[in-house]
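Enquirer: Attaching a single structure in structure tokens format; questions to follow.
The values are calculated or read from the model by the stated rules, or taken from the named source; none is laboratory data. Fair warning: this is a prediction, and the values are worked out from it, not measured in the lab. All Cβ positions, glycine included, derive from the backbone under ideal geometry; neighbour counts span all protein chains shown. Areas reflect the complete protein model, heavy atoms only, side chains present, ligands, DNA and RNA absent. Shrake-Rupley method; radii C 1.70, N 1.55, O 1.52, S 1.80 Å.
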Amino acid sequence: MTAVASSATDSGRTRGARFRPSALGWLPRLAVWAAIGYVVLYLPLGRPPTDVQRFTEGVAFAIVALSLNVMLGYVGQISLGHQAFVGVGAFTSAYIVTEQGQSFWLGVLVAAAVGGFQALVLGGVSLRIRGLYFALITLSYGLVAEQNIFQIQELTGGGAGQAAPKPDWFDTEWRYYYLALGFLALVLYIDWRMMRSKSGRALLAVRENPRVASTFGINVRAATLFAFVVSGVFAGIAGAIKAHSDTQVSVDVWNFNLALVFVIMTVVGGLRSRWGLVIGGGFFALLPYFIEKIPGLEDVLADIPLVPRVLTPEIAPLVIGPLLLLVNLIQFPGGIGQQIRPITRWLSGHRFDIHDKGPKEVQITDVRA
């Protein structure tokens, strides 16, 4: 009896032990990582400058998705005016570099600081409000920025826009693309470190149930404000990256349509899934590019119900995005992140499990958010 019990205990420990791939098991994983590195780092080298500029915009959109995820994914608050935070960051960096004659690095730093500051002010005013009312406040701020802040000619340059030259040593599209990837890696690292800290765990607790979180000594208002500031900082960085990629910041870009695209691409990418958010942001930024470059794709999309017969690249994200969002809410609440979870966990050293889609109760909460 003792031997049987001991055997059962050893078997349980073996099943409960953490899976570790062998040296041979790491080879296919490293091969996949090498293929991803080839696509991201090497493939753009052979493309025209205009294509590389689109790829850089995809990187900027990925940072925007990570920014919006801090509010929507970690705290459960919807921001419908996020284009204002990104746009203010873009104009701020362009103003610092062009009008003040300062370096690009200072421009990005000031853009991040201004993004955090405007989030601090707006969040401080609306700390008592959650859910739909908070979304309406952010929507109002986006409209105020569009109709007032972006009309300040000294900041935006008026109808001609504000010039935003690329920095020294990164004055080509290819070099600037790698610089943008560096900023994306920095934002991913900060986000990862934040969620492994006590403050990050407090954000998740606030998201699930603010009242329960407060009983455990968490300052709900301070945690929400902290998340809003971090989101604003990320948005300012994304705006600066996009501004100097385009080399010209125009007022017409930062409208409510762009705010909708930001929200849709974040949900479709997958809340709280960093790789899903990166893929989702890059996909929505490159969707017009795909329609232009892939022969016959526009005709294929036009055959889909509810899609206009004439699908221009400019309106493609606002047409395809809601359809993907609808599929997302019905079939895949976790978005792209839910679908690629078996692969990402396998690449990080876990067993490959095609049925591993993450905790369902969290996905249900994501949909409610």
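Enquirer: By how many nm would the segment from residue 252 to residue 189 grow when fully extended, if each residue of separation counts as 0.36 nm and the alpha-carbon distance is taken off? Intermediate values should be presented prior to the final figure.
Expert: On the way: separation 63, 0.36 × 63 = 22.68 nm, distance 3.23 nm.
Length gained between residue 252 and residue 189: 19.4 nm.
Enquirer: While we're here: Please label the shape of region 146-188 as rounded, prolate or oblate, based on the square roots a ≥ b ≥ c of the eigenvalues of the alpha-carbon gyration tensor (a/c under 1.5 means rounded; beyond that, a/b larger than b/c means prolate, else oblate).
Expert: Numbers: a/c = 4.11, a/b = 1.89, b/c = 2.18.
Verdict is oblate for region 146-188.
Enquirer: Suppose a student asked you for the relative contact order of the chain, using Cα pairs under 8 Å spaced at least 6 residues apart; what percent would you report?
Expert: Values: 546 pairs, mean separation 101.6, N = 369.
28 percent.
Enquirer: Decide, for region 209-280, between rounded, prolate and oblate: order the square roots of the alpha carbon gyration tensor eigenvalues as a ≥ b ≥ c, take rounded if a/c falls under 1.5, and otherwise choose prolate if a/b is larger than b/c, else oblate. Walk me through the numbers on the way to the answer.
Expert: Details: a/c = 2.58, a/b = 1.92, b/c = 1.34.
Judged from the Cα gyration tensor, region 209-280 comes out prolate (a/c at least 1.5, a/b above b/c).
Enquirer: Sticking with this structure for a sec: Taking the simple approach of a point 7 Å from Cα along Cα-to-Cβ for both residue 136 and residue 103, what is their distance in nm?
Expert: Between residue 136 and residue 103, the label points sit 4.7 nm apart.
Enquirer: Using a Förster distance of 25 Å, how high is the FRET efficiency between residue 198 and residue 120, based on the Cβ-Cβ distance and rounded to 0.05?
Expert: Numbers: r = 21 Å, r/R0 = 0.83.
The pair residue 198/residue 120 has a calculated efficiency of 0.75.
Enquirer: As an exercise, use a Förster radius of 22 Å and the Cβ-Cβ distance of residue 344 and residue 18 to find the FRET efficiency, rounded to the nearest 0.05. Numbers along the way, then the final one.
Expert: On the way: r = 17 Å, r/R0 = 0.77.
Calculated value: 0.80.
Enquirer: Right, something else. With a ≥ b ≥ c the root eigenvalues of the C-alpha gyration tensor of region 34-126, is it rounded (a/c under 1.5), prolate (a/b larger than b/c) or oblate?
Expert: Details: a/c = 2.80, a/b = 1.35, b/c = 2.07.
Because a/c hits 1.5 or more and a/b fails to exceed b/c, region 34-126 counts as oblate.
Enquirer: Separate question: On average over all directions, what projected area in square nanometres does the chain have, based on the convex hull of its Cα atoms? If you can, show how the numbers build up before the last one.
Expert: Values: hull surface 92.3 nm².
For the chain, averaging the hull's shadow over all directions gives 23.1 nm².
Enquirer: Hey, any idea what % of the chain's accessible area is carbon plus sulfur with a 1.4 Å probe?
Expert: Roughly 64 percent, rounded to a whole number.
Enquirer: To continue, here is another question. Using a 1.4 Å probe, what is the accessible area per residue for the chain, in Å²? Show your work: numbers first, answer last.
Expert: On the way: 18700 Å² over 369 residues.
Spelled out: the 1.4 Å probe surface of the chain, per residue, equals 51 Å².
Enquirer: Still on this structure: I'd like to compare 58-68, 285-295, 243-253: which one has the highest average count of other Cβ atoms within 10 Å, and what's the full order after that?
Expert: On the way: 58-68: 29.0, 285-295: 15.5, 243-253: 20.3.
Highest mean packing first, the order is 58-68, 243-253, 285-295.
Enquirer: If you don't mind, another one. Using per-residue counts of other Cβ atoms within 10 Å, averaged over each peptide, order 275-284, 196-205, 84-93 from highest down.
Expert: Sorting 275-284, 196-205, 84-93 by mean packing, highest first, produces 84-93, 275-284, 196-205.
Enquirer: At 0.36 nm per residue, minus the direct Cα-Cα distance, what do residue 113 and residue 353 gain on full extension? Give it in nm, one decimal, please. Walk me through the numbers on the way to the answer.
Expert: Details: separation 240, 0.36 × 240 = 86.40 nm, distance 4.23 nm.
Extending this stretch completely gives an extra 82.2 nm.
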